[in-house]
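In what follows, a single structure is set out as structure tokens and then discussed.
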Amino acid sequence: MVDGVVLVVDATEGPMAQTKFVLTKALARGLNPLVVLNKVDRATSRPDEVDSELLELFMALGASDEQTAYDILYASAKEGWCSSDMAQANSYIEATNAGGKANGNMVPLLDAILARVPAPKGERENVPFSMLVTQLEANPYLGKCALGRITSGTVRVGDKIRVLEPGTGNVKEEGKVTKLFLRSGVQQVPMAQAGAGDVVTISGVPSVSVNSTIANPEVTEPLEFIPVDPPTISMTFSVNDSPLAGREGSQLTSSMIRDRLRREAETNVALQIVDDGKSEALEVHGRGELQLSVLIETMRREGFELSVTPPRVLFKRDPDNRKKILEPYEEITIDVDHESSGTVIEKLTKRKAELKSFTDIADKARIVFHIPTRGLLGYASEFKNDTHGTGVMNHAFLRYGEYAGAFEKSRKASMVCLSSGTATTYALNMLEPRGRLFVRNGEDMYPGMVVGELSKDGADLDVNPTKAKQLTNIRAAGKDETVRLTPVKPWTLEEVIAYVNPDEAIEVTPTQV
């Protein structure tokens, strides 16, 4: 939908993993970026070095001569100024440091956008209307609406239109424009007509999907589209079938879960729902465990009760050699203190990561790895602990590569409950020396529930956390000791998704995981 981009880069951190990801997309579309170095007023800023790093990144991504001849602006968004000249930026910094106010504004950035970004292309007169759908919006009154930029022609409310499937050009649906909106700021303004170059929202064709072409009935060829990056992670969502089901949630049935996931898939392009129609379970494919964690957390707060399986990586076969299995790889960029770098490298190497670069950025070490997506599952919480919360980790899908082999097992055996009832202090006190407990006194238990982790590896141990002390009328010689159990840290959704084994499931309710 865009004719130009502004690439905002931190003048201290330099290009990050997400910088590379979005820049790759922009350069592939032939866009000429305008570079803004932000936070140049910080004492640790290094604009010249960051400029060199950016130029190397542009060249590594195959940018054209025109794209590498980018303009640079120096800015402090916090202080509200921007300049194309570093000497003038330094005068603003000196004025601020002296306790005064910098005599600058953001006008140079707006002028640069006007100068660098071309006007939208496309004929309005004597050509049929066509538009590529970039995004979908759910409107409670109008249903599904399609957002995109008009490629050619003019459209009016009441015009007949058709939806062409991406790639094939098959007619998916025919209808007419019931509403047409343009955006003014964040507001949607109803319009009677719009033309080539306008970014509009159209309602009237409910079967439309992302990358479809909406056009006049005379158009038969679909527009060129950008394919959506493939999902790499899968989880299975089903009804909560544990003995404690139905106590907290209001959305309990498989049909409610199915409707909610389908609504989410309508507007969330990166999500795919696989429904075989035979079972109550649905397979949800997404880009990573964070995306699926956010979806589960949102549904939990809406009153849903779910049973979800741990994430699995989506493998595929090599098209040239059908016996060869490929798995997704990601590029991970980590900024950590130097004293933590050894631990990070050791942990990731065990997860089949390949070290690509190690550089010093200010007082931090920047480490870049290529790693199978399987190796990242569950690593985020470990990373926080290893770096004491000071590390920064970014990762983006890289490619499908050769299967890296099995990982070392890091989790020990479990304590599994064998009875129904309420956990007692007496029983938990006897179980505590055997390992780490996940449950507190007074919590409801059921057979098959994982209640702790053993300190030794081996087979799972069946335990009875509901056992109560037998009271008799014989008085004990010694006084009963006061039992003090180690406090149990409640699970977060991310931690439990990372922890569970493939043969286990996670019970998610509005108040607990």
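Summary of computed values
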quantity: Efficiency of FRET from Cβ geometry, Asp229 and Lys324, R₀ 30 Å, rounded to 0.05; calculated: 0.85
quantity: Euclidean distance between Cα centres, segment 371-401 to segment 1-80, Å; calculated: 24 Å
quantity: Value of relative contact order over the chain, rounded to a whole percent, pairs C-alpha under 8 Å and six or more apart; calculated: 10 percent
quantity: Leading residue at positive end of dipole, the chain (Cβ point charges), from Thr96, Gly14, Thr472; calculated: Thr472
quantity: Theoretical gain in end-to-end length, Gln291 to Val313 [0.36 nm per residue, Cα-Cα removed]; calculated: 6.5 nm
quantity: Loop-located trypsin sites (Lys or Arg not before Pro) in segment 306-347, at most 10 other Cβ atoms within 10 Å (DSSP); calculated: Arg322, Lys323
quantity: Debye, to nearest 20: dipole size of the chain, +1 on Lys, Arg Cβ, -1 on Asp, Glu Cβ; calculated: 1300 debye
quantity: Where Rh is the Kirkwood radius over Cα pairs, Rg/Rh for the chain; calculated: 1.04
quantity: Nonlocal amide H pairs with Val35, under 5 Å, H built at 1.01 Å; calculated: Leu7, Asp71, Leu73
quantity: For segment 17-89: relative contact order, % (alpha-carbon pairs under 8 angstrom, 6 or more apart); calculated: 34 percent
quantity: Accessible surface ranking that places the most exposed of Tyr426, Tyr499, Tyr141 first, with a 1.4 angstrom probe; calculated: Tyr141, Tyr426, Tyr499
quantity: Per-residue HN-Hα couplings for segment 415-426 [Karplus 6.51, -1.76, 1.60; θ = phi - 60°; Hz; x = Gly/Pro]; calculated: 9, 10, 5, 10, 9, 8, x, 10, 5, 10, 4, 4
quantity: Electrostatic dipole magnitude of segment 397-513 [Cβ: Lys, Arg +1; Asp, Glu -1; Cα centre; debye, to 20]; calculated: 560 debye
quantity: Leading residue at positive end of dipole, segment 41-118 (Cβ point charges), from Ile72, Leu109, Leu57; calculated: Leu109
quantity: Rounded to whole Å, sorted largest first: equivalent-ellipsoid semi-axes of segment 287-341, Cα gyration tensor; calculated: 29, 25, 8
quantity: Heavy-atom accessible area order for Ser381, Ser83, largest first, 1.4 Å probe; calculated: Ser381, Ser83
quantity: For segment 1-143, size of Cβ-based charge dipole, Lys and Arg +1, Asp and Glu -1, in debye; calculated: 400 debye
quantity: Dipole of the chain [Lys/Arg +1, Asp/Glu -1 at C-beta], most positive-end residue of Gly389, Leu147, Leu377; calculated: Leu377
quantity: Unsatisfied cross-links (Cα-Cα over 24 Å) in the set Lys78/Lys101; Lys144/Lys176; Lys25/Lys78; Lys39/Lys101; Lys316/Lys352; Lys20/Lys364; calculated: Lys25/Lys78
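The values are calculated or read from the model by the stated rules, or taken from the named source; none is laboratory data. Since this is a predicted model, take the numbers as computed values, not measurements. A quick note on method: Cβ atoms are made from the backbone with ideal geometry, for glycine too, and the neighbour counts reach across all protein chains shown. The accessibility values were calculated without ligands, DNA or RNA, using every heavy atom of the protein model including side chains. Shrake-Rupley method; radii C 1.70, N 1.55, O 1.52, S 1.80 Å.
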